[in-house]
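Colleague: What follows is a single structure, and I will ask about it in a moment.
The values are calculated or read from the model by the stated rules, or taken from the named source; none is laboratory data. Owing to the predicted nature of the structure, the values given are computational and were not obtained by experimental measurement. For neighbour counting, all protein chains shown are included, and Cβ atoms are generated from backbone atoms with ideal geometry for every residue, glycine included.
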(Lines give C-alpha, C1' and ligand atoms only; values in the text may rest on other atoms or scores of the structure.)
Protein backbone atom coordinates (compact mmCIF):
# COMPACT_ATOMS: atom_id res chain seq x y z
CA UNK A 1 0.00 0.00 0.00
CA UNK A 2 1.57 3.32 -1.04
CA UNK A 3 1.57 6.10 1.52
CA UNK A 4 -0.04 9.36 0.43
CA UNK A 5 0.47 12.69 2.19
CA UNK A 6 -2.60 13.84 4.11
CA UNK A 7 -1.77 17.56 3.87
CA UNK A 8 1.13 18.99 1.90
CA UNK A 9 4.21 16.99 2.90
CA UNK A 10 2.62 15.62 6.10
CA UNK A 11 1.47 12.06 6.65
CA UNK A 12 -1.20 11.00 9.14
CA UNK A 13 -0.90 8.10 11.60
CA UNK A 14 -2.97 7.12 14.60
CA UNK A 15 -1.30 5.95 17.79
CA UNK A 16 -2.82 2.53 17.10
CA UNK A 17 -1.13 2.37 13.67
CA UNK A 18 2.20 3.18 15.32
CA UNK A 19 1.87 0.23 17.69
CA UNK A 20 0.75 2.12 20.82
CA UNK A 21 4.27 2.72 22.22
CA UNK A 22 4.50 3.84 25.85
CA UNK A 23 8.11 5.09 25.80
CA UNK A 24 10.11 7.33 23.47
CA UNK A 25 10.96 5.27 20.40
CA UNK A 26 11.64 5.00 16.68
CA UNK A 27 8.72 3.21 15.01
CA UNK A 28 9.72 1.36 11.85
CA UNK A 29 6.94 1.32 9.27
CA UNK A 30 7.65 -1.07 6.38
CA UNK A 31 7.55 0.69 3.02
CA UNK A 32 7.49 4.13 4.64
CA UNK A 33 10.36 4.81 7.02
CA UNK A 34 11.03 5.46 10.68
CA UNK A 35 8.79 7.72 12.77
CA UNK A 36 10.46 9.24 15.83
CA UNK A 37 8.15 9.73 18.83
CA UNK A 38 9.59 11.79 21.66
CA UNK A 39 8.54 11.83 25.32
CA UNK A 40 5.92 14.54 24.78
CA UNK A 41 4.30 12.66 21.88
CA UNK A 42 4.08 9.46 23.91
CA UNK A 43 2.76 11.29 26.99
CA UNK A 44 0.01 12.87 24.87
CA UNK A 45 -0.93 9.48 23.39
CA UNK A 46 -1.00 7.67 26.73
CA UNK A 47 -3.28 10.38 28.16
CA UNK A 48 -5.58 10.18 25.11
CA UNK A 49 -5.35 6.52 24.04
CA UNK A 50 -8.63 6.32 22.13
CA UNK A 51 -8.15 9.48 20.10
CA UNK A 52 -4.41 10.12 19.71
CA UNK A 53 -3.07 10.69 16.20
CA UNK A 54 -0.12 12.48 14.62
CA UNK A 55 0.94 14.33 11.51
CA UNK A 56 4.53 13.51 10.63
CA UNK A 57 6.96 15.03 8.16
CA UNK A 58 10.35 13.97 6.81
CA UNK A 59 13.30 15.14 8.94
CA UNK A 60 16.37 16.24 7.00
CA UNK A 61 18.36 16.36 10.25
CA UNK A 62 17.70 12.70 11.15
CA UNK A 63 18.11 11.20 7.69
CA UNK A 64 16.26 10.42 4.49
CA UNK A 65 13.93 7.76 5.94
CA UNK A 66 13.20 9.49 9.25
CA UNK A 67 10.02 11.36 10.14
CA UNK A 68 9.13 13.52 13.14
CA UNK A 69 5.81 14.59 14.62
CA UNK A 70 4.78 18.08 13.52
CA UNK A 71 1.23 18.01 14.84
CA UNK A 72 -0.92 16.10 17.30
CA UNK A 73 -4.58 15.44 16.62
CA UNK A 74 -7.39 14.54 18.99
CA UNK A 75 -10.68 13.29 17.61
CA UNK A 76 -13.85 14.41 19.34
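Colleague: Just give me the residues in region 31-58 being at pLDDT below 95 and within 20 Å of residue 2 (Cα to Cα), in sequence order.
Modeller: If the condition is that a residue be at pLDDT below 95 and within 20 Å of residue 2 (Cα to Cα), then 31 is the only one that fits.
Colleague: Could you run through region 11-28 and say how many residues are within 10 Å of the chain's Cα centre (by Cα) and either closer than 16 Å to residue 70 by Cβ or outside any loop (DSSP other than H, G, I, E, B) (or both)?
Modeller: Qualifying residue count for the region: 8.
Colleague: Could you list, in sequence order, the residues of region 9-30 that are touching a residue at least 12 places away in the same chain (Cβ under 8 Å) and over 21 Å from residue 44 (Cβ atoms)?
Modeller: 9
Colleague: Then there's this: Can you find a residue in region 64-72 that is part of a loop (DSSP other than H, G, I, E, B) and without any contact (Cβ under 8 Å) to a residue 60 or more places away in the chain? Let's see the steps before the verdict.
Modeller: Taking region 64-72 first, the residues part of a loop (DSSP other than H, G, I, E, B) are 64-65.
If we keep only those that are without any contact (Cβ under 8 Å) to a residue 60 or more places away in the chain too, we end up with 64-65.
Yes; the residues of region 64-72 include at least one that is part of a loop (DSSP other than H, G, I, E, B) and without any contact (Cβ under 8 Å) to a residue 60 or more places away in the chain.
Colleague: Kindly indicate whether any position in region 30-50 is under 16 Å from residue 10 (Cβ atoms) and part of a loop (DSSP other than H, G, I, E, B).
Modeller: yes
Colleague: A further question on this structure: Between a first residue in region 38-60 that is crowded, with 16+ Cβ neighbours inside 10 Å and a second residue that is part of a helix (DSSP H, G or I), which pairs have beta carbons less than 6 Å apart while being 6 or more apart in sequence or on different chains?
Modeller: Hits for this filter: 52/45.
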